Each structure stands twice: as C-alpha cells, then as structure tokens.
1. So if R0 is 56 Å, what FRET efficiency would V37 and V321 give, r being the distance between their Cβ atoms, rounded to the nearest 0.05?
2. Order the following by accessible area, largest value first: H375, H404. Probe radius 1.4 Å; ligands, DNA and RNA are ignored.
3. Accessible area, 1.4 Å probe, largest first: how do R134, R279, R405 sort?
4. For a protection proxy built on the mean count of beta-carbon atoms within 10 angstrom, sort 41-51, 336-346 highest first, please.
5. Which length gain, in nm to one decimal place, applies between A67 and Y137 when the Cα-Cα distance is subtracted from 0.36 nm times their residue separation?
6. Would you please classify the overall shape of the range 220-409 from the alpha carbon gyration tensor, given that a ≥ b ≥ c denote the square roots of the eigenvalues, rounded means a/c under 1.5, and beyond that prolate means a/b larger than b/c while oblate covers the rest?
7. What does the accessible area per residue of the range 220-409 come to in Å², with a 1.4 Å probe and no ligands, DNA or RNA counted?
8. Would you rank Y347, Y287, Y314 by solvent-accessible area, highest first, keeping every protein chain in place and using a 1.4 Å probe?
Amino acid sequence: LAQSLFALFASSLAISLVFAIIPLCHNVVVLAVVMAVAGLAMGCIDTISNMQLVKIYQKDSAIFLQALHFFVGFGALLSPLIADPFLSDTNCILSNSTANASSNLPHIRKSLVPHHPGNLSHYDLPMKGMVVTRVSYAFWIMALINLPVPIAVFFLLYKERMVPCFNSSSRPLLSADELAMETRPTEKDDLSTAVQRPHAAGGHDDLFSCCQSKNFRGASYTYFAVHITGALVLFMTDGIVGEYSGFIYSYAVEEPLSVVHKVAGYLPSLFWGFITLGRLISIPVSYRMKPATMVFINVVGVLITFLLLLIFSYSVVFLFVGTASLGLFLSSTFPSMLAYTEDILQYKGCATTVLVTGAGIGEMVLQLLVGSIIHDQGSYSFLVCGMIFGGLAFTFYAFLLFFHRMYPKPSSDMDDASPDKPAVMDDTGQYQR
C-alpha cells in the first residue's frame, strides 16, 4: 500500500508539473519528452488505482470500478470545455494577412482530412508576426485543477503514518482490525483474522510480486488463457474508444455525409458524454447484475451498433444516434471486464496489470491502424474497421467464457457455510492448480 500511494503521489504531481511546462516548450523534442513523462504518469495512476480497488474490495470491487471509470469519462468530457474558451477561432499569428487566412480556415480544415490531403500551396498562411493564442492558460488551469490530487494522496500517506518525517503524531484513518471488518464478512470475524496473515504473506506487499516466476509454477494453461483473452477483449474495446473518438469527426465531414464542421465537432463530445452517462448508470446496475452479463451486453451492443451504422451510413441523424449508443455500450466494458477477470482468478492482482496494459496498447495501435486504412481506402472503411474490431471483441469474449468454464475452482471447506461469499478463502492469494 505504501509503494502504491507513493507512486500515485509522484505520478499525480508529475501530471501537474507537465501541464505547467507544456506551454513553455519551444522545441518539439522537449515537448515529446514531456508528453512521454505524462504518459508514464497516467499509466501508473491507471494501473495502481484499478489494482488497489480490486485488492481492497474484491467481490464488491465492480461498483467501485464503475465509479472510478465514471470520473475518467467525466474528466475527458470536462477538460475540452475548460480549454474551449482559450482556443482562437482565427489564425494564432497576427499579421497583415490574418484576415484573409482566417476566411480560408474552413477550407484548410476540409483539405486536411486524411483521405483528401489536397494542395495547400494556394493558401496564404502567415508564419511571422505576434502570437495571439491564449491556449497556455488552459494548460495552467488544468495543472491547478489537478494539484489537489497529489495533496490529498500525501495527506493519506501522512494519516497512515507512511511519511518518514511525520509518522509520530498522526493517527491512522482506519486500524487494521477496522479495515478487516470492512472488507470481510462480519459473521466470519474469527476466520478473517486467520486468513489475513497468509494474504499479506502472499506477495501483495510488493508492486511487482505478480511478475515473479514463483507465482506461475504449476499454473494451468487456463490461468494464462484467461489473462490473454481478457486483455484481448479490452485491446479491442478500448481501441474502439480511441479510434472512434479520434476519427468520427473526419468521417462525418467527408462524403457521403458531408456534415458541417461545427456540427461534426459535437460528435466526439456526444460520444464521451454518453460514455460518462453510461458509467454513472452502471454504478447501481453493477450492484444487481454480474460483471460477466454486463460485458456480454456491452460487446453485443457494440457489434449491433456498428452493423446499424453500416446499414444507415447515409443518415446523419442515425450517425448521432449510433454515436450515443456506442458510447453507452462501451462505457462499462473496462471496469466490468476487470471485475469479471479478477473474480475468475481469485483477486491475485496480476490480471489488473495485464488488462490495463492490453487496453492501453489497443488504444494506441488501433488508432494508428485505422488512420492509415482511412488514408488509403477512404472514410467508409472507418465503420468497417469498427465492425471487425467489435466482432473480434465478441469472439475473444466467447473464448474467455470457455476458459472460465475450464478454469479449476478453488477448493474450500467454507463454501457450503458461506454461499454468499464463496471467495472468502481466496484471500490467501492461493490458486487452485
């Protein structure tokens, strides 16, 4: 826990520093390095926050994961609104030809669509003059908004007596006994203290314990298959989130739809808005519905939505309806898949790292792949790619269900005594081989 909190503190503080430094970067290499640091920090936060929620709440983690990812979507929806007032509607460099250049901007944007790069030589853009953009303020505001996060994490470290210089006077927020009562069934208090010791000795004190080879000795092939298929499902679904939000604008302004630029600009916001709404709805739904059922509904919904988008590809109205529907179905896929996979693997914690990594790789790779395909084949291939990725996500999920049936169940004498909490004995971190 101490390592996780220190990593969260360092990562969240690094993000504030990066956002403050970005406007001061006048060299593209320096900017690339700064953005790489931001990516590493965000990856650490993503992995650790998911992993700790799973380890703390275990069977009940689905609700907390849905809440966590609701705030992820809420932040993605809110940050463009913060930046929008500081974005210039005209050219950012003020010169004598600014007025002429500003009138050409819609044509330039149209020409910059990947499939039709066009010839930009006849557009007169000023390259020298006084810079009038105020976009730097947006970065500095975001840096200030993020600053309370590392402060709150440091306060938690202080209250838990994990800061070496301030560990004498502070009182922990929860004692070990109270925390055990919160995370384990009350009727099994005597058993919970017994299983807590081997749970701590199972390697959870080390952030990299799940990477140690001793944890894989004697593991069946289904143990690795569940990790791989779960990661592949998120590779596809998170990749769809990245490529759809990144290219829906370019698809809409191209033929045959030819949506007006300002109207097309609402599509990514609509997509993220319904992702946020879907995650908010999923918080109470996950209390009643199993994660496996939620993932099934999500992947089937994504597949059907892309199929309808292909059928009604000439309808602007259905493009907006389909974008909202797609955001709704993709919203809870990640937290539900995480809760489901960790449930299969008895909450060892390694699945979280594998799944988060798979999702991040998918978001990066599929955007590059779809961008190059749109450039070569045209805008219609955007929906075809989405349909293929949705089909692959459903296929990998079917394999995951198969391997779940094959995966050996944990043997426990307590299962009959505690039908509502079959994973009590799983807190030892031991796998049934």
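The values are calculated or read from the model by the stated rules, or taken from the named source; none is laboratory data. For clarity, every value in this text was computed on a predicted model and none was experimentally measured. Every residue, glycine among them, receives a Cβ derived from its backbone with ideal geometry; neighbour counts consider all protein chains shown. Side chains are part of the model used for accessible areas, which takes the heavy atoms of the whole protein and leaves out ligands, DNA and RNA. Shrake-Rupley method; radii C 1.70, N 1.55, O 1.52, S 1.80 Å.
1. Details: r = 40 Å, r/R0 = 0.71.
With R0 = 56 Å, the Cβ-Cβ based efficiency is 0.90.
2. Values: H375 100, H404 60 Å².
Largest to smallest exposure gives the sequence H375, H404.
3. Values: R134 125, R279 25, R405 205 Å².
Sorted by accessible area, descending: R405, R134, R279.
4. Numbers: 41-51: 19.8, 336-346: 25.4.
Peptide ranking by packing, descending: 336-346, 41-51.
5. Values: separation 70, 0.36 × 70 = 25.20 nm, distance 2.97 nm.
Extra length available between A67 and Y137 comes to 22.2 nm.
6. Numbers: a/c = 2.36, a/b = 1.81, b/c = 1.31.
Cα axes put the range 220-409 in the prolate bin.
7. Values: 7650 Å² over 190 residues.
Each residue of the range 220-409 exposes 40 Å² on average to a 1.4 Å probe.
8. Details: Y347 10, Y287 155, Y314 180 Å².
These residues rank, largest area first, as Y314, Y287, Y347.
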